[in-house]
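Structure record follows, encoded as C-alpha cells.
The values are calculated or read from the model by the stated rules, or taken from the named source; none is laboratory data. Because the structure is predicted, anything quoted here is derived from the model rather than measured. Here the Cβ positions follow ideal geometry from the backbone for every residue, glycine too, while neighbour counts run over all protein chains shown.
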Amino acid sequence: MNLNEFFHMGGYAFYVWTSYGIALFVLLINVILPILQRKKILGRIARAARRTRRNTA
Amino acid sequence: MFNNFFHKMASPKYFYRISGILIPWLAAGSALLFLAGLYYGLVKAPPDYQQGDSYRIMFIHVPAAWMSMFIYMVMAGAGAIGLIWRIKLAEIMAISSATIGAWFTFLALVTGSIWGKPMWGTWWVWDARLTSELILLFLYLGVIALYNAIDDKRTAARAVAILALVGVVNIPIIHYSVEWWNTLHQGPTVTKFDKPSIHLSMLIPLLQMAVAFKLYYAFVVLMRARCEVLERERNTGWVRELAEKT
Amino acid sequence: MTSDSLLRAFSLLLKRDLTLAMRHRAEMINPLLFFVLVTSLFPLGIGADPKLLQAVGPGVIWVAALLAALLSLEGIFRSDFEDGTLEQFLLSSHPVSVLVIAKVLAHWLITGLPLLVISPLLGVLLGLPADAILILLVTLALGTPVLSLIGAVGVALTVGLRKGGMILSLLVLPLYVPLLIFAASAVDTAAAGLPVTAHLSLISALLVLSLSLSPLATAAALRISLS
C-alpha cells in the first residue's frame with residue numbers, strides 16, 4: 001500500500017480524516033486545558049501568598 | 001492496612017503526590033496504545049467488503065461511545081461514594097469526570113454523524129444509538145450546568161452526585177425506550193454500527209483503541225482532579241509551598 | 001400512633017397546599033392556558049390537513065403537556081423555600097420523603113389534573129379518533145404524576161438558585177424522554193386501532209418506579225439545597 005492510497009482511504013478520505021481530526025482535537029484539548037488551568041491556579045495562589053506576606057511584614 | 005491505604009489516598013496531599021507519579025505512566029501507556037491502534041486500524045486492517053474504508057471511523061466512534069457510558073457510571077459511582085462516606089476525593093473525581101464524559105459523548109455523536117453521511121446519505125439519522133448519545137449529552141450538560149450554577153462547590157458536588165444517580169437509574173430506561181421507538185418508527189432497519197461478527201483484524205485495533213481511551217480518560221481525569229484539589233486546598237500550607245516553588 | 005400522626009401531617013400538608021393554590025388561581029390556570037395555546041399553535045404552524053394533524057397529534061399534545069408541566073414545576077417548592085417553610089419540613093420528625101409525596105400530590109392535583117380534564121378537547125381539535133382520545137386520557141392520568149415526581153427532584157436541586165428555571169429544563173426534560181416515547185406511541189397505536197396494553201404497562205412501570213425512588217431523591221436533594 002502506498003502513501004497516496006493510504007490518504008485516499010478508498011474515496012472516503014474526507015469522512016475518515018475529518019473524524020480522526022476531530023478526535024485528535026478533542027483528545028488534545030482535554031490534555032491542554034487542565035495543564036493551563038493548573039498553571040493559572042498555582043500562579044494565583046502564589047500571588048495571593050506573596051501579597052499576604054507583604055501585608056503582614 | 002487496606003483501610004489505611006484508602007484513608008491515605010483520600011487525603012488531598014497524598015492524592016496529589018501519587019497522581020503526579022501516575023500521570024506520566026498512564027499518558028505514555030495510552031499514547032503507545034493509540035499508536036498501535038492507529039497503525040493496526042488505519043494501515044493493517046483490510047477495507048470492509050461493504051463499507052470500504054469508511055468503517056475505520058468505527059475505531060474512534062465505538063470506543064468514544066463506550067467511554068461516554070462508562071464515564072457516566074464512574075461519575076455516578078464516585079458521586080454515591082462521596083455522598084455516603086463523605087469522601088471529598090470521590091466528589092472531585094465525579095465532577096472531573098463529567099466534563100470529559102461530555103467531550104467523549106460529543107466525539108461519539110460527531111463521528112457517528114460523519115460516518116452516517118456516506119452510509120445513509122445524510123448527516124443525521126434518528127438512529128437508536130445516535131439518539132441515545134444525544135440524550136446522554138443533554139444529561140452531561142445538565143450535570144455540568146448544575147455544578148457551575150451552585151456557588152458553594154461542596155454543595156454543588158453533592159447536588160451533582162444526586163443528579164448523576166437519578167441519571168444512572170434513567171439511562172437504561174432511556175436507552176430501552178429509544179431503541180423501542182426506533183424499531184417502531186423505522187421498521188427493522190439494520191443498524192450499520194452493530195456488526196454481528198467482526199473480523200479479528202478489525203477487532204484487535206478496536207480493542208487497542210478502547211483500552212487507549214480508558215487509559216487516556218484515567219490520566220486526564222487525574223489531571224482535572226489535581227486542579228480541583230489545588231483549588232479547594234488553596235488555603236493550606238502545602239499548596240502554598242507548591243505554588244511558590246513553581 | 002406514629003403512622004397516625006404521619007397521616008395527619010400528610011393530609012394537613014395536602015390541604016394547606018390546595019388551599020394556597022385556590023388563593024392563587026392564576027398559577028393554576030397559566031400552565032393550562034399554555035397547554036391549550038401551544039397545542040393550537042401547531043395547526044397554524046404546520047397546516048390544518050386532518051391527516052397530518054392526526055399523525056402528529058399524540059406527539060404534539062404530549063410535548064405540550066411536558067412543557068406545561070415544566071412551567072409549573074417550580075411552584076412545588078419555590079414559595080416554601082422563600083418563606084422558610086421548607087426548612088421546617090426538614091426539621092420535622094416525619095420522614096421527609098412522605099412530606100414530599102404530599103407536596104407532589106398537591107402539585108399534581110393543581111396542575112396535572114386540569115391538563116387531564118382539558119385534553120379530550122385538544123384531542124378533538126387535532127382530529128384524534130375517540131379510541132385514541134380515551135387512551136390519551138389514560139396515558140395522561142398515568143403519566144402526569146410521573147412528570148411531577150421526576151420534576152420534583154429537579155426543583156429540589158435548583159430551588160436555591162437564582163436562575164434555576166433554565167437549568168431545571170436542562171435537568172428534567174431528558175429524563176422525560178421515555179415517558180414521552182411510550183405515551184405518544186400509545187396514543188398513536190390506539191389511533192391505528194391496535195392494542196396498547198404493552199404501552200400502558202410500561203407507563204405504569206415508570207409510575208411505580210418514580211413513585212418509589214423520586215421522593216427519596218427529592219428529600220436528599222432538598223437536604224443538600226438547604227444546607
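What pairs can you find where one residue is in the range B:136-155 and facing chain C (nearest Cβ under 8 Å), the other is of a type in the set (Ser, Thr, Tyr) and surrounded by fewer than 17 Cβ atoms within 10 Å (Cβ to Cβ), and their Cβ atoms are less than 9 Å apart, with a gap of 6+ or different chains?
B:THR155/C:SER227
Go through the range A:36-53 and give me each residue that's at the interface with chain B (Cβ under 7 Å from one of its Cβ atoms) and under 30 Å from B:PHE104 (Cβ atoms).
Residues satisfying the conditions are A:GLN37, A:ARG38, A:ILE41, A:LEU42.
Name every residue in the range C:7-43 that is over 20 Å from the mean Cα position of the chain (by Cα), at pLDDT below 85 and buried (at least 16 other Cβ atoms within 10 Å of the Cβ), in order of residue number.
C:ALA9
Of the residues B:THR155, B:THR122, B:THR131, B:THR105, which is within 17 Å of A:ALA23 (Cβ to Cβ) and of a type in the set (S, T, N, Q)?
Only one candidate qualifies: B:THR105.
Taking B:ILE95 as meeting all but one of (1) surrounded by fewer than 24 Cβ atoms within 10 Å (Cβ to Cβ); (2) touching a residue at least 12 places away in the same chain (Cβ under 8 Å); (3) not polar (S, T, N, Q), write down the number of the exception.
Just one mismatch for B:ILE95, condition (1).
Hey, does the range B:39-61 have a residue that's of a type in the set (D, E, K, R) and under 19 Å from A:LEU24 (Cβ atoms)?
Yes, there is a match, as at least one residue in the range B:39-61 is of a type in the set (D, E, K, R) and under 19 Å from A:LEU24 (Cβ atoms).
Here is a list of conditions, (1) modelled with pLDDT under 90; (2) over 18 Å from B:VAL62 (Cβ atoms), and B:ALA225 meets all of them except one; can you say which number that is?
Against the list (1) modelled with pLDDT under 90; (2) over 18 Å from B:VAL62 (Cβ atoms), B:ALA225 comes up short only on (1).
Select from the range B:226-241 the residues that are more than 9 Å from chain A (Cβ to nearest Cβ), in contact (Cβ under 8 Å) with a residue 24 or more places away in the chain and assigned to a helix (DSSP H, G or I) and list them in ascending order.
The answer is B:GLU228, B:VAL229, B:ARG232, B:TRP238.
So which residues in the range B:38-59 are loosely packed, with under 15 Cβ neighbours inside 10 Å and more than 8 Å from chain A (Cβ to nearest Cβ)?
Step one: filter the range B:38-59 for residues loosely packed, with under 15 Cβ neighbours inside 10 Å, giving B:39, B:43-44, B:46-47, B:49-50.
Within the range B:38-59, B:TYR39, B:LYS44, B:PRO46, B:TYR49, B:GLN50 qualify.
Part of a helix (DSSP H, G or I), at pLDDT 90 or above and more than 7 Å from chain B (Cβ to nearest Cβ), is that true of A:ILE22? Break it down into steps so the answer makes sense when it comes.
Numbers: part of a helix (DSSP H, G or I): yes; at pLDDT 90 or above: yes; more than 7 Å from chain B (Cβ to nearest Cβ): no.
So A:ILE22 fails the test.
Just checking, does the range B:201-214 include any residue being more than 14 Å from chain C (Cβ to nearest Cβ), part of a loop (DSSP other than H, G, I, E, B) and modelled with pLDDT under 85? Spell out the reasoning first.
Taking the range B:201-214 as the starting set, the residues that turn out to be more than 14 Å from chain C (Cβ to nearest Cβ) are B:201-214.
When the remaining residues are screened for being part of a loop (DSSP other than H, G, I, E, B), the result is none.
No - not one qualifying residue is present in the range B:201-214.
If I go through the range B:109-135 residue by residue, how many of them are of a type in the set (A, V, I, L, M) and either within 11 Å of another protein chain (Cβ to nearest Cβ) or under 12 Å from C:LEU170 (Cβ atoms) (or both)?
Filtering the range B:109-135 for residues of a type in the set (A, V, I, L, M) gives B:109-110, B:114, B:119, B:125, B:128, B:130, B:134-135.
From the residues that got through so far, the ones that are either within 11 Å of another protein chain (Cβ to nearest Cβ) or under 12 Å from C:LEU170 (Cβ atoms) (or both) too are B:109-110, B:114, B:119, B:134-135.
Residues meeting the conditions: 6.
Go through C:VAL177, C:VAL196, C:VAL159 for me and flag whichever is within 13 Å of chain B (Cβ to nearest Cβ) and under 14 Å from the mean Cα position of the chain (by Cα).
The match here is C:VAL177.
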